[in-house]
Amino acid sequence: MPQLTFDIGTILKDAFGVGRGLPFDGSKADELKIRSEQPFEDVPVSDDQEGAEFVQMRQSVVSNLPTGRPVFMPMRLGGLVLPNEPSVIISSRKNIVETALAGSTRRGTVKELISVEDWSVTIRGVVVNYDSVLVYPEDEVKALRDLYERNEALEVESALTNLLGIYRLVIKEFLLPEMIGIQHAQAYQFICTSDEDFTLEL
(Lines give C-alpha, C1' and ligand atoms only; values in the text may rest on other atoms or scores of the structure.)
Protein backbone atom coordinates (compact mmCIF):
# COMPACT_ATOMS: atom_id res chain seq x y z
CA MET A 1 0.00 0.00 0.00
CA PRO A 2 1.50 3.38 -0.99
CA GLN A 3 2.06 5.88 1.77
CA LEU A 4 -0.30 8.82 1.94
CA THR A 5 1.10 12.33 1.85
CA PHE A 6 -0.14 15.31 3.82
CA ASP A 7 0.64 18.99 4.23
CA ILE A 8 1.90 19.28 7.82
CA GLY A 9 1.79 23.09 7.62
CA THR A 10 -1.93 23.04 6.82
CA ILE A 11 -2.65 20.65 9.70
CA LEU A 12 -0.72 22.93 12.10
CA LYS A 13 -2.61 25.97 10.84
CA ASP A 14 -5.96 24.22 11.28
CA ALA A 15 -5.03 23.15 14.83
CA PHE A 16 -3.35 26.30 16.16
CA GLY A 17 -4.38 29.04 13.75
CA VAL A 18 -0.72 29.54 12.87
CA GLY A 19 1.13 27.54 10.26
CA ARG A 20 4.82 27.46 9.55
CA GLY A 21 7.02 28.77 6.80
CA LEU A 22 7.55 27.04 3.51
CA PRO A 23 10.62 24.78 3.18
CA PHE A 24 13.73 26.36 1.70
CA ASP A 25 13.76 26.35 -2.09
CA GLY A 26 17.24 25.11 -2.98
CA SER A 27 16.82 26.21 -6.61
CA LYS A 28 17.07 29.83 -5.46
CA ALA A 29 20.36 29.36 -3.61
CA ASP A 30 22.35 30.97 -6.42
CA GLU A 31 20.23 34.11 -6.15
CA LEU A 32 21.22 34.61 -2.51
CA LYS A 33 24.43 36.53 -1.99
CA ILE A 34 26.11 36.51 1.40
CA ARG A 35 27.62 39.87 2.23
CA SER A 36 31.31 39.62 2.97
CA GLU A 37 31.43 42.76 5.13
CA GLN A 38 30.20 42.86 8.69
CA PRO A 39 26.82 44.67 8.94
CA PHE A 40 27.67 45.99 12.41
CA GLU A 41 30.86 47.27 13.95
CA ASP A 42 32.48 45.56 16.91
CA VAL A 43 30.56 42.32 16.39
CA PRO A 44 32.77 39.35 17.28
CA VAL A 45 33.27 36.98 14.40
CA SER A 46 33.11 33.27 15.11
CA ASP A 47 36.40 31.45 14.71
CA ASP A 48 34.44 28.84 12.78
CA GLN A 49 33.17 30.79 9.80
CA GLU A 50 31.34 27.81 8.36
CA GLY A 51 29.26 27.38 11.51
CA ALA A 52 30.56 23.85 11.92
CA GLU A 53 29.44 23.62 15.55
CA PHE A 54 25.85 24.38 14.58
CA VAL A 55 25.96 21.98 11.64
CA GLN A 56 27.53 19.24 13.75
CA MET A 57 24.81 19.60 16.38
CA ARG A 58 22.14 19.61 13.69
CA GLN A 59 23.51 16.41 12.21
CA SER A 60 23.77 14.63 15.57
CA VAL A 61 20.00 14.06 15.52
CA VAL A 62 19.00 12.48 12.22
CA SER A 63 15.38 12.34 11.14
CA ASN A 64 13.56 11.94 7.85
CA LEU A 65 9.99 12.59 6.88
CA PRO A 66 8.07 9.55 5.61
CA THR A 67 8.55 10.98 2.12
CA GLY A 68 12.29 10.44 2.62
CA ARG A 69 13.17 14.14 2.79
CA PRO A 70 15.64 14.81 5.62
CA VAL A 71 14.49 17.11 8.38
CA PHE A 72 16.52 20.33 8.57
CA MET A 73 16.39 20.82 12.33
CA PRO A 74 15.17 17.69 14.12
CA MET A 75 14.63 17.59 17.86
CA ARG A 76 15.09 14.74 20.33
CA LEU A 77 13.32 15.19 23.65
CA GLY A 78 13.74 12.65 26.43
CA GLY A 79 15.21 10.17 23.95
CA LEU A 80 12.26 10.47 21.52
CA VAL A 81 12.83 12.08 18.12
CA LEU A 82 9.78 14.30 17.64
CA PRO A 83 8.16 13.51 14.27
CA ASN A 84 7.55 15.77 11.28
CA GLU A 85 9.96 18.55 12.33
CA PRO A 86 8.00 20.38 15.04
CA SER A 87 7.79 24.16 15.23
CA VAL A 88 9.86 25.55 18.12
CA ILE A 89 9.37 28.96 19.73
CA ILE A 90 11.96 30.08 22.30
CA SER A 91 11.75 33.12 24.55
CA SER A 92 13.16 34.52 27.76
CA ARG A 93 12.70 37.68 29.78
CA LYS A 94 14.56 39.72 32.35
CA ASN A 95 13.17 40.86 35.68
CA ILE A 96 13.99 44.56 35.87
CA VAL A 97 13.01 47.01 38.59
CA GLU A 98 12.34 50.48 37.18
CA THR A 99 12.56 53.39 39.61
CA ALA A 100 11.37 56.88 38.78
CA LEU A 101 13.52 59.78 39.97
CA ALA A 102 11.42 62.44 41.69
CA GLY A 103 12.21 66.02 40.78
CA SER A 104 14.84 65.04 38.29
CA THR A 105 15.21 66.64 34.90
CA ARG A 106 16.31 63.30 33.54
CA ARG A 107 13.67 61.60 31.45
CA GLY A 108 12.75 57.96 32.11
CA THR A 109 13.59 55.64 34.96
CA VAL A 110 16.59 53.94 36.53
CA LYS A 111 16.72 50.28 35.59
CA GLU A 112 18.07 47.63 37.94
CA LEU A 113 18.45 44.09 36.61
CA ILE A 114 17.23 41.63 39.22
CA SER A 115 17.41 38.31 37.38
CA VAL A 116 17.02 36.53 34.08
CA GLU A 117 14.21 34.00 33.90
CA ASP A 118 14.46 30.49 32.49
CA TRP A 119 14.02 29.95 28.79
CA SER A 120 10.43 29.26 27.74
CA VAL A 121 10.23 26.73 24.90
CA THR A 122 6.99 26.00 23.05
CA ILE A 123 7.01 22.94 20.80
CA ARG A 124 4.17 22.48 18.31
CA GLY A 125 4.00 19.44 16.12
CA VAL A 126 1.81 16.87 14.42
CA VAL A 127 1.77 13.09 14.56
CA VAL A 128 0.28 11.45 11.49
CA ASN A 129 -0.77 7.97 10.44
CA TYR A 130 0.71 7.81 6.95
CA ASP A 131 -0.86 4.43 6.19
CA SER A 132 -4.55 5.21 6.56
CA VAL A 133 -6.73 8.32 6.75
CA LEU A 134 -9.18 6.37 8.93
CA VAL A 135 -6.84 5.29 11.76
CA TYR A 136 -5.90 7.58 14.63
CA PRO A 137 -2.12 7.70 15.49
CA GLU A 138 -2.71 6.15 18.91
CA ASP A 139 0.80 4.84 19.58
CA GLU A 140 2.44 8.17 18.74
CA VAL A 141 0.07 10.10 21.01
CA LYS A 142 0.77 7.64 23.84
CA ALA A 143 4.51 8.23 23.38
CA LEU A 144 3.94 11.99 23.73
CA ARG A 145 1.81 11.41 26.83
CA ASP A 146 4.57 9.27 28.32
CA LEU A 147 7.02 12.15 27.83
CA TYR A 148 4.67 14.53 29.64
CA GLU A 149 4.14 12.12 32.53
CA ARG A 150 7.87 11.85 33.24
CA ASN A 151 8.20 14.18 36.22
CA GLU A 152 11.79 15.10 35.56
CA ALA A 153 13.93 17.33 33.40
CA LEU A 154 14.25 15.78 29.95
CA GLU A 155 17.39 15.99 27.85
CA VAL A 156 16.82 17.97 24.66
CA GLU A 157 18.97 17.69 21.57
CA SER A 158 18.40 20.29 18.90
CA ALA A 159 20.72 22.63 17.08
CA LEU A 160 18.73 25.70 18.09
CA THR A 161 18.17 24.90 21.77
CA ASN A 162 21.73 23.70 22.27
CA LEU A 163 23.06 26.81 20.52
CA LEU A 164 21.34 28.82 23.27
CA GLY A 165 22.72 26.59 26.02
CA ILE A 166 19.44 24.75 26.65
CA TYR A 167 20.13 21.09 27.34
CA ARG A 168 17.24 20.07 29.58
CA LEU A 169 13.55 20.91 29.51
CA VAL A 170 10.70 20.37 31.95
CA ILE A 171 7.30 19.99 30.28
CA LYS A 172 4.82 22.24 32.09
CA GLU A 173 1.80 21.89 29.81
CA PHE A 174 0.62 19.35 27.24
CA LEU A 175 -2.10 20.28 24.77
CA LEU A 176 -3.94 18.14 22.21
CA PRO A 177 -6.21 20.51 20.25
CA GLU A 178 -9.35 19.26 18.53
CA MET A 179 -8.85 17.98 15.01
CA ILE A 180 -12.14 18.62 13.26
CA GLY A 181 -12.57 16.46 10.16
CA ILE A 182 -9.18 14.74 10.53
CA GLN A 183 -8.95 11.18 11.84
CA HIS A 184 -5.38 10.26 10.94
CA ALA A 185 -3.48 13.16 12.55
CA GLN A 186 -3.15 14.79 15.93
CA ALA A 187 -1.52 18.12 16.62
CA TYR A 188 0.18 18.61 19.97
CA GLN A 189 1.85 21.33 21.97
CA PHE A 190 4.39 21.17 24.77
CA ILE A 191 5.05 24.27 26.84
CA CYS A 192 8.41 23.77 28.51
CA THR A 193 10.86 25.62 30.68
CA SER A 194 14.61 25.19 30.72
CA ASP A 195 16.37 23.53 33.64
CA GLU A 196 19.92 24.17 34.79
CA ASP A 197 22.13 22.80 37.52
CA PHE A 198 22.77 25.14 40.43
CA THR A 199 25.55 25.05 42.98
CA LEU A 200 24.36 25.96 46.45
CA GLU A 201 27.05 27.66 48.51
CA LEU A 202 26.53 27.65 52.29
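The values are calculated or read from the model by the stated rules, or taken from the named source; none is laboratory data. Here the structure is a predicted model, which is why all the values come from computation and not from measurement. Positions of Cβ are backbone-derived with ideal geometry, glycine not excepted, and every protein chain shown enters the neighbour counts.
Total residues in region 75-101 satisfying the condition of being out of contact with any strand residue (DSSP E or B) (no Cβ under 6 Å at 6 or more places or on another chain), farther than 18 Å from residue 11 by Cα and not in a strand (DSSP E or B): the figure is 5. Once region 166-192 is narrowed to residues that are among the polar types (S, T, N, Q) and at pLDDT below 95, the residue that is nearest to residue 91 (Cα to Cα) is 186. Note on region 173-196: residues that are of a type outside the set (A, V, I, L, M, F, W, C) and assigned to a strand (DSSP E or B) amount to 6.
Give the residue that is nearest to residue 79 (Cα to Cα), with candidates limited to residues of region 93-148 that are among the polar types (S, T, N, Q) and under 19 Å from the mean Cα position of the chain (by Cα). Give the derivation first.
As a first pass, look at region 93-148 and keep what is among the polar types (S, T, N, Q): 95, 99, 104-105, 109, 115, 120, 122, 129, 132.
After this cut, where a residue has to be under 19 Å from the mean Cα position of the chain (by Cα) as well, the list is 120, 122.
Numbers: 120: 20, 122: 18 Å.
Restricting to residues being among the polar types (S, T, N, Q) and under 19 Å from the mean Cα position of the chain (by Cα), the top hit is 122.
Any chance region 157-165 includes a residue that's acidic (Asp, Glu) and at pLDDT 95 or above?
No, region 157-165 has no match at all.
Considering only region 105-116, I want to know if a residue exists there that is under 20 Å from residue 168 (Cβ atoms) and either out of contact with any helix residue (DSSP H, G or I) (no Cβ under 6 Å at 6 or more places or on another chain) or free of Cβ contacts under 8 Å to residues at least 24 places away in the same chain (or both).
Quick first cut of region 105-116, residues under 20 Å from residue 168 (Cβ atoms) only: 115-116.
The next check asks that each one be either out of contact with any helix residue (DSSP H, G or I) (no Cβ under 6 Å at 6 or more places or on another chain) or free of Cβ contacts under 8 Å to residues at least 24 places away in the same chain (or both); those that pass are 115-116.
Yes: region 105-116 contains one or more residues that are under 20 Å from residue 168 (Cβ atoms) and either out of contact with any helix residue (DSSP H, G or I) (no Cβ under 6 Å at 6 or more places or on another chain) or free of Cβ contacts under 8 Å to residues at least 24 places away in the same chain (or both).
Taking the condition of being in a loop (DSSP other than H, G, I, E, B), touching a residue at least 12 places away in the same chain (Cβ under 8 Å) and over 25 Å from residue 183 (Cα atoms), how many residues in region 131-157 meet it? If you could, list the steps in order and put the result at the bottom.
We begin by selecting, within region 131-157, every residue in a loop (DSSP other than H, G, I, E, B); these are 131-137, 150-153.
If we keep only those that are touching a residue at least 12 places away in the same chain (Cβ under 8 Å) too, we end up with 131-137, 150, 152-153.
Filter once more, so that each one left must be over 25 Å from residue 183 (Cα atoms): 150, 152-153.
Number of matching residues: 3.
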